[in-house]
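Each remark here refers to the structure printed beneath this line.
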Protein chains: 2
Amino acid sequence: MDFVLLFNRYAERHGDAAWPRQRMLHECLRAAIREGTLAAGTRLAASRALAEELGVARNTVLYAYEQLSGEGYVVSDRRGTMVATLTAPATTAHAPKGRAAAARDPGLGAAPPGLSQRVRNLRALPGDADRMGAFVPGVPALEHFPMALWRRMLERALRGMTALQLNYGDPAGEAPLREAIAGHLRASRGVLCGAGQVFITDGTQSSLDLCMRALADAGETIWIENPGYGGALAAARAAGLVVAGIDVDDDGMAPRREDWLLRPPKLIYTTPSHQYPVGSVLSLRRRHALIEAARAAGALIIEDDYDSEFRHDGAPLHAMQGLTPDAPVVYLGTFSKTMFPSLRIGFVVVPAALAGDFALMRAQSSARGRVAEQLALAEFLRSGQFVLHLRRMRRLYRQRRDALVAALEKHLGSVATVHGGSAGMHLSLRFNDARIDDVEVTAQAERHGIAVNALSQHDTQGDSGWKGLMLGYAQVPAERMEGLVKQLAALIHLAAYAANRSIKTPYQHARRTSGRSRR
Amino acid sequence: MDFVLLFNRYAERHGDAAWPRQRMLHECLRAAIREGTLAAGTRLAASRALAEELGVARNTVLYAYEQLSGEGYVVSDRRGTMVATLTAPATTAHAPKGRAAAARDPGLGAAPPGLSQRVRNLRALPGDADRMGAFVPGVPALEHFPMALWRRMLERALRGMTALQLNYGDPAGEAPLREAIAGHLRASRGVLCGAGQVFITDGTQSSLDLCMRALADAGETIWIENPGYGGALAAARAAGLVVAGIDVDDDGMAPRREDWLLRPPKLIYTTPSHQYPVGSVLSLRRRHALIEAARAAGALIIEDDYDSEFRHDGAPLHAMQGLTPDAPVVYLGTFSKTMFPSLRIGFVVVPAALAGDFALMRAQSSARGRVAEQLALAEFLRSGQFVLHLRRMRRLYRQRRDALVAALEKHLGSVATVHGGSAGMHLSLRFNDARIDDVEVTAQAERHGIAVNALSQHDTQGDSGWKGLMLGYAQVPAERMEGLVKQLAALIHLAAYAANRSIKTPYQHARRTSGRSRR
């Protein structure tokens, strides 16, 4: 083996690395051993001779050899340095082959094993809020967020950080933030809780994930509204729960007698303040009924109160959590809508009787930290800036909703009905003729640069009977509504005409055979 | 019903709320309805009459009644306003009772259903890094972190934030950070990857959680080192995996032939650079063997490289991920040790063949955002400040390790052996006599204000044969080592004497009957 040639070739190929000579030699020999150019048992050149041939100090060569030895690539004996044997021991011959054969990609050698089945289950869902523009739901009016104010509070919190606060934080969240949230929820949402029941998370998806794993075991049943929130469906599937879709009407989730009998739930996921996606508000009567029935069935309600701070008509209904003492309710909230999504702070309020268990569990399993963000947010709440910001946004969103509703009624009143606009940041437009293909309308709108969600894409089990569009209006200026809705209306009227004449486009034909509502 | 009396009593009790009259009336009536003071069917006083009696405008009363009506607490007919019926409908009578009966707390009415079994499985593990001080492992020298510099970079990133960046971010992480991490890993850890293979997480616990759910299904087997990392064990249990503990010796994880035959793994969790907790470095020969055997078995290796940047003796071994092309390895890294824990940024490097699937999966399920932190960290890496900080910390930690090793050998050389100090932020002290009760020593030390971890508390399956202490030294000044070790030595010598004389304390007797190692 001509080590000088080997080295010079390697140095030529890696000249841009600008390594010192000893590093270059080390890398060169290691690469040659890995690639098999230097086979096990090959003797390396004597250090003194190689140093002379390469025109480097002997220490340079010795250092490289030492490195290789430390890494196990070479072994030394009395006669010098030799390439070590690196092949796997005989045990591997006994490893089972079945899965390996299945995982192999015939083109590229061995492909790694793939994703688990439970994660593959997620792939059928539509993505949502990574887009912006009309009418993507769930995205607040970000350009109206008081960023300079928030930055000042965050910078103040950063400046106050002690070395101790750089460490792992309280897994339940920072105490001042838990206090501030509990105070706000008591005053504005009628939630009955102490700070010890509040647990900080990275947002609603984390909260859902946490609740579905902590409060139910694989194989247990969860009720999810139908149509319903895809993120809840994803979390439920990832947790191995059995999903039962429960119909939604104008008064929100409407479980039937046979649902309680035939599919008794362990968990009930619901969005009572503003149903996702259709926007219904769960009636008070249904709230009481659901609480009592859940209590009797030993089930827990997960109340996702994601955008309830924006109530446009009349005073908001209080949260289910505070409706009766000791309601079997876990309450979820988020600052993604009230502050901004990339803040990534949400929370879970658990029943007092579960708070101790929850704290223990979080201590074992959760991410802990982000102290400055939490303290800044606590200050934002305590200072009254949060309520001020909410008030401004409420006014803005109401204007935008009014403009959207007016435009929808003007241009689409004959073929569709507006639902669920009394709260939140989105409403739904239900097609009067359920044969209108809402997915096709969505695809057409996308081509015109308008992002809408088809209600039927939110079906969580079978056909929910809701055909139409989900329209997020929080980030759309009022003066743009008329123009956007006009464009949308043209597409919908065309689709209505097609549905009425039973003219199926090839796309529709391939996708589904029946678009009929069961209502 | 005397509504005036009812109101006055309520107003007296809630005088500090400083509500306007109409809100006070609304709250008063709602509370009375909820509590049953105003039963279903009760007629409310006529608005005009009540307004006169209370001395308020009639609109005030009408407003309160409207609110109650909107919430469903009252209904109106031609004769006036009446309390609505709020009890649950008959359907609830059919709900199954079994679980409810079990969940009820006889003292307090109905207690909510409790935690899932899979979460209860977590509770046996010891908590770790929420403490500070000698010798808590995993906590860096936080007072040496260049906080002012980091704050400046973060503030610059915050100032550059656009409204768009307040929105949900890329679920895989911000591109500049993924690029910077890939570049750093290639240069310093020999990891072969492009930025598209790097996924940003909230830290190692999130990474573990993600990997164990995304790469294996419930009921599949994961190998975890024994003794091993409790966080990995917790994630595996939460994911419903079957855990097989694999013995660890001075050369790291040592699977036997029968492990491959009898407990073939889907996932293999290992800490090759610095075994957690004992500190062994997985030998190169074993690395190759593990990779080849995993490939043959269709298993994926999860390489947790949590503190490998701190190599004290010689050059670090490259990561397993880059040892051979297309190694079946998922590589985990974290900035909790190299920056600070509460930053909450870690990452997963997946095989190129899995990157597309992983990106799709993350788009469905992950928290997205924290853009400013990610961009600031990218800048910290790109600017060279990260490597500079690592170099300073490496020097500091090496001094501290040297002082600790010297003190341990001086005061405990006769009864224990130092292991695994060549890298990272902790080492292990193995008792020569495996009958010494390391948990008892830990408890005694705690009483003296010294936090140590017993190696046997890290057993992941049965008795690992490792008895001794895990000592984190990164945050302990070199000059304090001698004094602390002296204190510790007194306790250990006492325990060794007790073990030798077979004098069992009552505590030991109750806790376990045999302390014998199987080695």
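The values are calculated or read from the model by the stated rules, or taken from the named source; none is laboratory data. Because the structure is predicted, anything quoted here is derived from the model rather than measured. In this analysis, Cβ positions are derived from the backbone assuming ideal geometry, glycine residues included, and neighbour counts consider all displayed protein chains. What goes into the accessible areas is simple: the full protein's heavy atoms, side chains included, and nothing from ligands, DNA or RNA. Shrake-Rupley method; radii C 1.70, N 1.55, O 1.52, S 1.80 Å.
Inter-chain neighbour count for A:352-359: the average number of beta-carbon atoms from partner chains within 10 Å of each residue's beta-carbon is 3.
All distinct Cα pairs of segment A:143-383 go into the 1/r average, and the inverse of that average, the Kirkwood radius, is 18.4 Å. Label point of A:Ala175 (7 Å along Cα→beta-carbon): distances to the other copies' equivalent points are 4.5 nm, sorted ascending. Of the peptides A:343-349, B:467-473, B:19-25, B:43-49, the order by per-residue mean of other Cβ atoms within 10 Å, starting with the highest, comes out as B:467-473, A:343-349, B:19-25, B:43-49.
The accessible surface of segment A:388-508, taken with every protein chain in place and a 1.4 Å probe, is 52 percent carbon and sulfur. Database remark: amide H of A:Val242 closer than 5 angstrom to the amide H of A:Gly219, A:Glu220, A:Thr221, A:Ile222 (H placed geometrically; neighbours at sequence offset of 5 or more, or on other chains; Pro and chain starts carry no H). Partner shielding of A:259-271 amounts to 2, given as the average count of beta-carbon atoms from other chains within 10 Å of each residue beta-carbon.
Only beta bridges with both residues in the protein assembly as shown are counted; by DSSP, about 60 percent of them are antiparallel.
Normalised by the number of residues in chain B, the mean separation of alpha-carbon contacts (under 8 Å, six or more apart) gives a relative contact order of 16 percent. Relative to the longest principal axis of the Cα atoms of chain A, helix A:175-189 runs at roughly 20 degrees. Between A:Ser414 and B:Leu5, the C-beta separation translates, for a Förster distance of 60 Å, into a calculated FRET efficiency of about 0.65. Couplings 3J(HN,Hα) for segment A:390-402, derived from phi with the Karplus relation 6.51 cos²θ - 1.76 cosθ + 1.60 (θ = phi - 60°), are 4, 4, 4, 5, 4, 4, 4, 5, 5, 4, 5, 4, 4 Hz, where x marks Gly and Pro. Short-range pairs are left out: with C-alpha atoms under 8 Å and at least six residues apart, the relative contact order of segment A:143-383 is 29 percent.
A label point on B:Tyr497, set 7 Å along the Cα-to-Cβ line, lies at 10.0 nm from each of its counterparts in the other copies, closest listed first. With N the number of residues in segment B:220-314, Rg(Cα) / (2.2 N^0.38 Å) evaluates to 1.02. For the protein assembly as shown, what is the number of Lys pairs with C-alpha distance below 26 angstrom, counting only pairs 8 or more positions apart or on separate chains? Lysine pair count for the protein assembly as shown: 14.
Charging the Cβ of each Asp and Glu at -1 and of each Lys and Arg at +1, and nothing else, the dipole of the protein assembly as shown about its Cα centre rounds to 40 debye. Note on the protein assembly as shown: Kirkwood radius taken over Cα pairs, Stokes-Einstein applied at 4 °C and 1.567 mPa s, translational D equal to 41 µm² s⁻¹. Each helix, a run of at least 4 DSSP H residues, gives -39500 (n - 2.57); summed and divided by the residues of chain A, these come to -13000 deg cm²/dmol at 222 nm. By the Cα gyration tensor, segment A:388-508 has an equivalent ellipsoid whose semi-axes, rounded to whole angstrom, run 26, 15, 12 from largest to smallest. Each copy carries a label point for B:Met82 at 7 Å from Cα toward Cβ; from one copy, the others' points are 10.2 nm away, ordered from shortest. Contact order normalised by length for segment B:286-368, with contacts defined as Cα pairs under 8 Å and 6 or more residues apart; what percent is it? Answer for segment B:286-368 is 25 percent.
Inverting the pair-averaged 1/r between distinct Cα atoms of chain A gives 27.3 Å as its Kirkwood hydrodynamic radius.
Most simply put, segment A:143-383 has about 35% antiparallel DSSP beta bridges, counting only bridges with both residues inside it. For A:Val329, enumerate residues with amide H under 5 Å from its amide H, sequence gap 5+ or separate chain, H modeled in the peptide plane. Excluding prolines and chain starts, which carry no amide H, the hits are A:Ile301. Between B:Ala46 and A:Thr42, the modelled label-to-label distance comes to 10.8 nm, taking each label 7 Å out from Cα in the direction of the beta carbon. Looking at chain A alone, DSSP beta bridges between its own residues are antiparallel in about 60 percent of cases. Near the amide H of A:Gly369, within less than 5 Å, lie the amide hydrogens of A:Gly169, all on another chain or at least 5 residues away, with H placed in the peptide plane. Peptide B:294-304 has a mean shielding of 6, counted as Cβ atoms of other protein chains within 10 Å of each residue's Cβ. At the listed q of 0.24 Å⁻¹, the Debye profile of segment B:3-90, built from one uniform point per Cα, gives log10 I(q)/I(0) equal to -1.31.
Converting phi to 3J(HN,Hα) with the Karplus coefficients 6.51, -1.76 and 1.60 and the offset θ = phi - 60°, segment B:452-462 yields 10, 10, 6, 4, 5, 6, 9, 4, 9, 7, x Hz in sequence order, with x at every glycine or proline. Over segment B:264-385, the ratio between the Cα radius of gyration and 2.2 N^0.38 Å evaluates to 1.16. Its alpha carbons considered, segment B:132-244 gives a radius of gyration followed by a Dmax of 18.1, 49 Å.
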